[in-house]
Amino acid sequence: MRGVARERRVLLIEDDAALADLYLLQLRRDGVPIEHVRAGRDADGFVRSRIPALILIDLKLPDIDGRVLIESWAADPICGAIPIWIVSNSVAEDNLWWHTAPNVQRYFLKSRIAVSRLSLEIRATLGLPYGERVSQRLAG
């Protein structure tokens with residue numbers, strides 16, 4: 001792993017700018033260290049050079065299908081250890097392959113996930129503190 005930095009950072013791979021902005025605003029407000037890329041090639045470069053702690057990926061990207069990326073990372077001994085959560089408009093039942101992908105842990109349907117809930121689950125999974133915003137509001 002020489003030359004590769006492992007980060008305590010989440011990578012969001014989402015090409016819809018408005019949706020990405022919504023996720024980034026909420027997650028950063030909640031203290032989640034997050035980076036964002038819009039295209040598959042950028043995502044692949046980030047994952048292979050910076051090793052994020054968690055990947056949130058849309059399956060429909062403008063240049064590379066999300067499934068192709070997931071499968072290529074799964075085949076790599078380092079990238080294959082990064083947990084992946086799919087956040088897609090495609091119904092999970094239409095993508096049953098994800099159940100056998102060793103690096104995919106969760107599948108969220110964009111239209112049904114509340115960003116605040118996603119934030120809570122990310123913070124719990126990564127061991128990040130949560131609840132400080134509520135404490136700060138009560139103190140202020």
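The values are calculated or read from the model by the stated rules, or taken from the named source; none is laboratory data. Just so you know, these numbers come straight off a predicted model, no measurement behind them. Note: ideal-geometry Cβ built from the backbone for every residue, glycine included; neighbour counts use all protein chains shown.
Name the residue, out of 65, 42, 16, that is acidic (Asp, Glu) and in contact (Cβ under 8 Å) with a residue 40 or more places away in the chain. Step through it out loud before you land on a result.
Details: 65 fails: in contact (Cβ under 8 Å) with a residue 40 or more places away in the chain; 42 fails: in contact (Cβ under 8 Å) with a residue 40 or more places away in the chain.
Result of the check over 65, 42, 16: 16.
Collect the residues in region 68-86 that are surrounded by 22 or more Cβ atoms within 10 Å (Cβ to Cβ) and touching a Lys or Arg at 6+ places or on another chain (Cβ under 6 Å), keeping them in residue-number order. Explain how you work it out, then say what you get.
So in region 68-86, the residues surrounded by 22 or more Cβ atoms within 10 Å (Cβ to Cβ) come out as 69-70, 73, 84, 86.
None; the set is empty.
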In this structure, does residue 55 turn out to be modelled with pLDDT of 90 or more, in contact with a strand residue (DSSP E or B) (Cβ under 9 Å, 6 or more places away or on another chain), under 19 Å from residue 35 (Cα atoms) and β-branched (Val, Ile, Thr)?
yes
Among the numbered criteria (1) surrounded by fewer than 12 Cβ atoms within 10 Å (Cβ to Cβ); (2) among the aromatic types (Phe, Trp, Tyr); (3) at pLDDT 95 or above, which single criterion is violated by residue 97?
(3)
Can you run down the residue pairs with Cβ atoms below 6 Å, 6 or more apart or on separate chains, where the first is in region 110-121 and in contact (Cβ under 8 Å) with a residue 60 or more places away in the chain and among the polar types (S, T, N, Q) and the partner is surrounded by 14 or more Cβ atoms within 10 Å (Cβ to Cβ) and part of a helix (DSSP H, G or I)?
119/26; 119/27
Just checking, which of 3, 31 is closer than 18 Å to residue 115 by Cβ and modelled with pLDDT under 95?
31
Looking at (1) closer than 18 Å to residue 9 by Cα; (2) in a loop (DSSP other than H, G, I, E, B); (3) of a type outside the set (Asp, Glu), which is the one condition that is false for residue 86?
(2)
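Report, by residue number, each residue of region 58-67 that is surrounded by fewer than 16 Cβ atoms within 10 Å (Cβ to Cβ), at pLDDT 95 or above and not acidic (Asp, Glu). Show your work before the answer.
Going through region 58-67, the residues surrounded by fewer than 16 Cβ atoms within 10 Å (Cβ to Cβ) turn out to be 60, 62-63, 65.
Now restrict to residues that are at pLDDT 95 or above: 62-63.
Hit for region 58-67 is 62, nothing else.
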If a residue must be surrounded by 15 or more Cβ atoms within 10 Å (Cβ to Cβ) and assigned to a loop (DSSP other than H, G, I, E, B), how many such residues does region 114-128 contain?
1
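Report, by residue number, each residue of region 99-113 that is assigned to a helix (DSSP H, G or I) and either β-branched (Val, Ile, Thr) or out of contact with any Leu (no Cβ under 9 Å at 6 or more places or on another chain) (or both). Before you say what the answer is, go through the steps one by one.
Initial filter on region 99-113 (assigned to a helix (DSSP H, G or I)): 99-100, 110-112.
Hits for region 99-113 are 99, 100, 111, 112.
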Conditions (1) in contact with a helix residue (DSSP H, G or I) (Cβ under 6 Å, 6 or more places away or on another chain); (2) at pLDDT below 95; number of the one not met by residue 47:
(2)
